[in-house]
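To keep things clear, I will list the structure first and then write my remarks on it.
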Amino acid sequence: MRLESVEGAMPYRAGERRRKLAAAVLGRDPGPAPRSPEETEPFDVVSGDLLDVSPHLIILETAEGEQRRLVIAPWATAWRGGTVAPADLPAGARVVVRALRGGTVAERLWADITRITGVIREVRGRRDLTVELDCGPHRRERSIVVPYRSSGRIRVRHPKLEPGYLFDAIGLLDQGTSFAHLPATSQPPYRATAVPPPPMTYGGSEAGISGTAVWADFAEEGVAYPMLEREDTGCDDAGVSCAGLPYLALGSLLRVRNVCDGRADTLPIVGCGCLAGRFCDRCLECGTSPRGRIVELAASSYVALGGDLTKGCFNARVGLG
């Protein structure tokens, strides 16, 4: 599986250029702010296609064509539609690895994992369900399968498998077909067009905003953010969120911190999180987050900040980088 780039993400380069020019005029450092004492370094993350694996060693080919050899830690775990031994991962699988010791020791692996997020357009079938999704203007339409063995737990968290309602699941991409295995959240009770308004307007004086960070299938190292100007992104669905977020521009730097373990990084806004902004849910990792998804991360960025791809969210706090 290769994570798809967000279509239209490249305009953030223009935003990055504006940010650097503004910093030069104002005499500011355009780079990220220094790490605070309570923040810790992100994990090293290695991703690529699996070339070979044994109980003690895994060899990956990265998107740049580089071969990476990692020792597999004795305590390492892997996921491919369920928990498996790292040595049982098949050749050719697309693997994301959380690594230690400068990216040389693999301790957590996810293979062929995908996130399936969108607005339900159609549901077909009785046992294995086929669900047609509108995944937003940048990710378009997607057809996924909910296998019968997974349908019970999916339906418990997504009781309205009906057109117009939101859907969000963790799954496996196998031979070009996306299979939903785990619900990533409890389905919002409202239709995708009826997002609750934010409780208050962002005043601009806060040091940061708390909410939920999630991940999505896109390859750009950075974040997708809901509150972008539509003219700036070419996305007519931008500017929707129940989290009370300020409007920002493509290329802006955001400081994202995992509240659970303190890992933090400064990442550019590379795309429109118009679909994430329609989820007014909470993350229950290490406490309960305020309502609303505030950033959507690429899988590698999410893992680097301590996220578990099968859980799908962590409590986050963001501020300008």
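The values are calculated or read from the model by the stated rules, or taken from the named source; none is laboratory data. Model, not experiment: these values are computed from the prediction. Cβ sites come from the backbone with ideal geometry, for glycine too, and all protein chains shown count toward neighbours. Accessible surface areas use protein heavy atoms only, side chains included; no ligands, DNA or RNA. Shrake-Rupley method; radii C 1.70, N 1.55, O 1.52, S 1.80 Å.
Tabulated data
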| read-out | value |
| --- | --- |
| Search result, residues across the stretch 95-126 that are closer than 30 Å to residue 161 by Cβ and either open to solvent by less than 30 Å² (accessible area, probe 1.4 Å) or under 19 Å from the mean Cα position of the chain (by Cα) (or both) | 96, 110, 111, 112, 113, 114, 115, 116, 117, 118, 119, 120 |
| Sole residue being in contact with a Pro (Cβ under 8 Å, 6 or more places away or on another chain) and either surrounded by fewer than 19 Cβ atoms within 10 Å (Cβ to Cβ) or at pLDDT 90 or above (or both), chosen from 254, 284 | 254 |
| Selection from the stretch 46-94 of residues that are outside any strand (DSSP E or B), open to solvent by less than 50 Å² (accessible area, probe 1.4 Å) and closer than 15 Å to residue 107 by Cβ | 85, 86, 87, 89 |
| All positions within the stretch 289-321 that are open to solvent by 10 Å² or more (accessible area, probe 1.4 Å), under 25 Å from residue 108 (Cα atoms) and assigned to a loop (DSSP other than H, G, I, E, B) | 306, 308, 310, 311 |
| Hey, residue 133 surrounded by 13 or more Cβ atoms within 10 Å (Cβ to Cβ), more than 18 Å from residue 308 (Cβ to Cβ), of a type in the set (A, V, I, L, M, F, W, C) and under 18 Å from the mean Cα position of the chain (by Cα) or not | yes |
| Selection count where residues are at pLDDT below 90 and open to solvent by 30 Å² or more (accessible area, probe 1.4 Å), scope the stretch 201-217 | 7 |
| Residue match in the stretch 233-247 (condition: surrounded by 15 or more Cβ atoms within 10 Å (Cβ to Cβ), among the hydrophobic types (A, V, I, L, M, F, W, C), assigned to a loop (DSSP other than H, G, I, E, B) and in contact (Cβ under 8 Å) with a residue 60 or more places away in the chain) | yes |
| Close pairs from the stretch 204-229: first over 17 Å from residue 258 (Cα atoms), partner at pLDDT 90 or above and of a type in the set (D, E, K, R), Cβ under 9 Å, at least 6 apart | 217/115; 218/296; 226/278; 226/293; 226/296 |
| Selected residue (only one of 101, 68 is farther than 30 Å from residue 279 by Cα and touching a strand residue (DSSP E or B) at 6+ places or on another chain (Cβ under 6 Å)) | 68 |
| Close pairs (7 angstrom Cβ cut-off, 6 or more residues apart or separate chains): under 10 Å from residue 114 (Cβ atoms) in the stretch 173-185, among the hydrophobic types (A, V, I, L, M, F, W, C) and assigned to a loop (DSSP other than H, G, I, E, B) anywhere | 173/1 |
| Residues (farther than 19 Å from residue 291 by Cβ, out of contact with any Lys or Arg (no Cβ under 7 Å at 6 or more places or on another chain) and polar (S, T, N, Q)) located in the stretch 209-262 | 233 |
